[in-house]
Amino acid sequence: GRVGDPIKISHFDQYAVSKTLAEAIIADSGLKYWVSLRQTSMAHLGLHEIVDPISFHSPLNGVLEWSTAWDSGRLLANVCEESVPDSFWRHFYNIGGGANSRLTNYEFMEKTYGAMGISDLSKVLRPNWFATRNFHGQWYTDSDRLEALVPFRSQSIDDFINMLKKNTPLHIKLVGRFAASAIFWRTRSLAKSPGGSLHWLEHDETSHIDAFFESRDAWRSIPDWDAFTPAQPSRTPQFLNHGYEEKKPRESWTLSDMQSAAEFRGGRFISDHTDDAFKQYNWRCALGHNFTMSPNLMLTGGHWCPTCMVDPKCYADVARHSPFFAQVWQES
Ligand SMILES: [Zn+2]
């Protein structure tokens, strides 16, 4: 994926809602120098200290393009330098470590658990503790763009794994090697705690079960490790249609560009003119909400109706009207 693709938020993901709305406030604030750096999952040495049932929300066969804490920090320092080109500002970027930081979540877990002394995941985890859907995560087709403008990458994910190996305290490695069953029971009880996958199942939290597993029956049919098939998603870039001519500079966008972009989103451009990509104009979405938004936020940021965009319950309806959104929506 890349920036400009439709914003699509997972069910129950209030964090994504707050990030999306905050991004819109900044992008349409009228400020001249702003940038939205969309931080990916950050690889850092405190990973083993994270004890949060949210760990079970990401599917084993999902993907992430990682960036290390050091590279992300370097990026933030580098964007403050005078040498940053003017063309950098008022844009949206995915932060990602590039081709050698693209892993499935299962691959990442194998590597990180391995670095901490656990060579066999089946001794400490079960596949059906992990959601099978409703989680974000992408390999980016555009993360090299940020590296080209403000170089910041210095570590591949394997460099990070080597660091993790060196820095994991001996007592943690020993527990991993000789007391895997203790880790199994501890992790299982985490999955059973509020917010964890097994907690939803034990307490029949249907809306969470359906969102993260499709149904209880679908959860029951998740195979154990002996039948688990690690995914190998295609690494061939795929580009979604954003509904406008992307090579055209933002200064040259016309009224008819806005009208056809709105139509591709199942809505309408209501204003009768456009002369500034960063000024807010009037739009109406397919479900009848009127809103104001800058063409820049909409086209380069992938935003759309602020009511629909943050409400996953209406996504099926939106996809029926919007060829733009239908590209990222699968009916279940
Ligand atoms: Zn709407």
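The values are calculated or read from the model by the stated rules, or taken from the named source; none is laboratory data. Only a predicted model underlies this, so the values are computations on that prediction, with no experimental measurement involved. As a convention, Cβ positions derive from the backbone with ideal geometry for all residues, glycine included, and neighbour counts pool all protein chains shown. When the accessible area is computed, the model is the full protein with side chains, heavy atoms only, and any ligands, DNA or RNA have been set aside. Shrake-Rupley method; radii C 1.70, N 1.55, O 1.52, S 1.80 Å.
Would you kindly state how much longer the chain becomes between residue 177 and residue 245 on full extension, computed as 0.36 nm times their sequence separation minus their alpha carbon distance, in nm to one decimal? List each step's numbers first, then the result.
Numbers: separation 68, 0.36 × 68 = 24.48 nm, distance 5.55 nm.
Computed gain between residue 177 and residue 245 is 18.9 nm.
Once you have the Cα-Cα distance between residue 84 and residue 271, take 0.36 nm times their residue separation minus that, and quote the gain in nm to one decimal.
Length difference between fully extended and current span is 63.9 nm.
If you average the alpha carbon positions of region 161-195 and of region 37-63, how far apart do those two centres end up, in angstrom?
Each part reduced to its Cα centre gives a spacing of 15 Å.
Mark the label point 7 Å from the Cα of residue 202 along Cα→Cβ and return the residues of region 160-191 whose backbone N is within less than 14 Å of it.
185-191
So, R0 is 30 Å and r is the distance between the beta-carbons of residue 193 and residue 330; what FRET efficiency does that work out to, to 0.05?
Details: r = 30 Å, r/R0 = 1.01.
Efficiency, rounded to the nearest 0.05: 0.50.
Calculate the translational D of the chain in whole µm² s⁻¹ from Stokes-Einstein, where the hydrodynamic radius comes from the Kirkwood formula applied to all Cα pairs, the temperature is 4 °C and the viscosity 1.567 mPa s. Numbers along the way, then the final one.
Details: Rh = 21.8 Å.
Estimated diffusion coefficient is 59 µm²/s.
Name the aspartates and glutamates eligible as straight-distance cross-link partners of residue 279: C-alpha to C-alpha under 17 Å, and not fewer than 8 places from it in the same chain.
In chain and number order, the partners are 23, 28, 251, 257.
For region 82-112 and region 241-312, what is the separation of their C-alpha centers, rounded to whole Å?
Spelled out, the Cα-based centre of one part sits 27 Å from the other.
Where the accessible area of the chain is counted over protein heavy atoms with a 1.4 Å probe, how much of it, in %, is carbon and sulfur? Each step should come with its number before you reach the end.
Working: 8860 of 16710 Å².
Result for the chain: 53 percent of the exposed heavy-atom area is carbon or sulfur.
Isolated Cys in the chain by the 4.7 Å beta carbon test?
80, 314
Compute the long axis of helix 105-115 from its Cα atoms, compare it with the longest principal axis of the Cα atoms of the chain, and write down the angle in degrees, 0 to 90, nearest 10.
Taking the Cα atoms of the chain, the angle to 105-115 is about 40 degrees.
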